[in-house]
1. Looking only at region C:50-104, how many residues end up being hydroxyl-bearing (Ser, Thr, Tyr), assigned to a loop (DSSP other than H, G, I, E, B) and farther than 19 Å from C:Val36 by Cβ?
2. Mind listing just one residue for me: the one in region C:198-221 that is within 14 Å of chain A (Cβ to nearest Cβ) and touching a Gly at 6+ places or on another chain (Cβ under 6 Å) and, of those, farthest from C:Gly276 (Cα to Cα)?
3. Inside region A:58-91, can you point out the residues that are of a type in the set (Asp, Glu) and out of contact with any strand residue (DSSP E or B) (no Cβ under 6 Å at 6 or more places or on another chain)?
4. Of everything in region C:135-182, what is under 19 Å from C:Ser255 (Cα atoms) and among the hydroxyl-bearing types (Ser, Thr, Tyr)? Give them in sequence order.
5. Hey, among the residues in region C:61-81 that are β-branched (Val, Ile, Thr) and within 16 Å of A:Val61 (Cβ to Cβ), which one's nearest to the other protein chains (Cβ to nearest Cβ)?
6. Counting only residues that are part of a helix (DSSP H, G or I) and among the charged types (D, E, K, R), which one in region C:133-157 is farthest from the chain's Cα centre (by Cα)?
7. Just for region C:183-213: of the residues that are closer than 29 Å to C:Val23 by Cβ, surrounded by 14 or more Cβ atoms within 10 Å (Cβ to Cβ) and small (Gly, Ala, Ser), which one is modelled with the lowest pLDDT?
8. Looking at the structure I just gave you, is A:Ala86 within 14 Å of B:Leu76 (Cα to Cα), buried (at least 20 other Cβ atoms within 10 Å of the Cβ) and either at pLDDT below 95 or not β-branched (Val, Ile, Thr) (or both)?
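The values are calculated or read from the model by the stated rules, or taken from the named source; none is laboratory data. The structure displayed is predicted, hence computed values, not measured ones. FYI the Cβ positions are ideal-geometry reconstructions off the backbone, even for glycines, and counts take in every protein chain you see.
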Amino acid sequence: MELTRRNAIVMGAAAILAASLPVRGNAAAGDLIAAFTGGAEVGTGDIRLIAPEIAENGNTVPIEVSSDTAVEIMVLAMGNPTPNVATFKFGKLAASRAASTRIRLAGTQDVVAIAKLEDGSFVQTASTVKVTIGGCGG
Amino acid sequence: MAKGVKPRVKVPKTAAAGDTITIKTLISHKMESGQRKDDEGNVIPRSIINRFTCDFNGENVIDVTMEPAISTNPYLEFEALVPEAGEFTFTWYDDDGSIYETAKKIAVE
Amino acid sequence: MRKLTGALLASAIAATPVMADPVDDTLILNEEITLVTRTEAPEHVADVLGEIISGWHFRGTETRAMQADDFDNPGMIFVEQAEEVWNTAEGSEGKSCASCHGASEDMAGVRPVYPKWNEAAGEVRTLEMQINDCRENQMGADKWKYTGGDMVNMTALIASVSRGMPVNVAIDGPAQSTWEAGKELYYTRTGQLEMACSSCHEANYGNMIRADHLSQGHINGFPTYRLKNTKLNAVHARFKGCVRDTRAETFSPGSPEFVALELYVASRGNGLAVEGPSVRN
């Protein structure tokens, strides 16, 4: 196809459409989720994710995951070049199934937390974090 | 061993038996993601801490798998049960094979 | 953990992203000392500022919380590193900082009055200049690079022990001509964009610059840990960045121009608490 201005616009629009269709991110994220769940269905329920609505800087975004009955919680940043962020496994002496950390986000995107619960089921939740671009670049 | 790596942990000095305490940890580490390029355009190789564990008297509290999306100077906060007096041990595992360890004793009132 | 939850919830409720006004909040360090982060402007800037407000008020909820606790503040990692250096002998004289000055805590009160006139040298000196003077002439050690890692860490240690004390640089007497020179620079438009310090930090503080908030540009929080580059940043490095952003040839860190500018900018914040190492974007 000859690259004309019109074609470029069409291609751009197609790219935007393609990017927006699988809302929950890329194939890599799908593989990671499948590896974590063993292909089991992921519902909603006992999993909470707290992340800022607007992150002042994508380099350092504080997040907190918690659940009442999770044995393990995986966090994914769906818009990062590699979506995996961290997996928390709670041991016998964990007083709560909760943890906080600081993460990197490459841009505005969904952060997803998937928990494996004590009963063997999987639940997930997501939160959109807007990452702002700085001021004068200084 | 990566340069200037220093672990810090915050644990109360005392607790009542059966108490829940909050633990904070921070370790100075670049967490080079493997996504960045240097001035010549060469990819800077990934160099991160990929795992953190906290144990108390040999029992596990938390075991965290860390990826390049964890920020520079990794910070973790979580809650632990204190069934008796003893010692928390904290271990960070570096990509280069280095292991950084620190421990904190806690007394039971 | 509960604190973070609270802070994030509060930010969600109060989410008004288009507002750039300083946030109404109180900086309580380690749940112990309350820092003065807004107060009446000193006489010499009262006509243009009215109230002086720390950059802390222009930052987001999570960033403000990060500075309020020494464990959460990543800048304190570097303070700890400097504490080791403070106690380590170096140079031909076999002395450490501690050999002459005692404990680092004994330096409380030093940061608030720098830059300061040095009678023997006949010049206004910044903390960095004084540190290098010590290294060269007392310790017999090599000078540190003006905005290098060792230097910025040491200035963070010295600032940290003065946190809560009001900035109080002298602008009269022998320092006056340097202060005047700094003021001149502050209001001089530079670069292709023809902007002065005052264009942003006096005429437009509280407004947005793209997606960020313009503060009054006080330096009571320096050195500052920036989320952007995840390290401590020296005040002259910040000046250089600002001047560069006006698309001008910048002065060098440690140059007489930046020393004068530092004295003047510090004086605009006379009365604000020392916050270094602060946390900023």
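1. 3
2. By that ranking, first place goes to C:Arg210.
3. Of everything in region A:58-91, just one residue is of a type in the set (Asp, Glu) and out of contact with any strand residue (DSSP E or B) (no Cβ under 6 Å at 6 or more places or on another chain), namely A:Asp68.
4. Across region C:135-182, the qualifying residues are C:Tyr146, C:Thr147, C:Thr155, C:Ser177, C:Thr178.
5. Step one: of region C:61-81, the residues β-branched (Val, Ile, Thr) are C:61, C:63, C:77, C:79.
So of that shortlist, the ones also within 16 Å of A:Val61 (Cβ to Cβ) come out as C:61, C:63.
On the way: C:Thr61: 7, C:Thr63: 5 Å.
Of everything passing the filter in region C:61-81, C:Thr63 is nearest to the other protein chains (Cβ to nearest Cβ).
6. C:Glu136
7. Going through the qualifying residues, I end up with C:Ala211.
8. Answer is yes for this residue.
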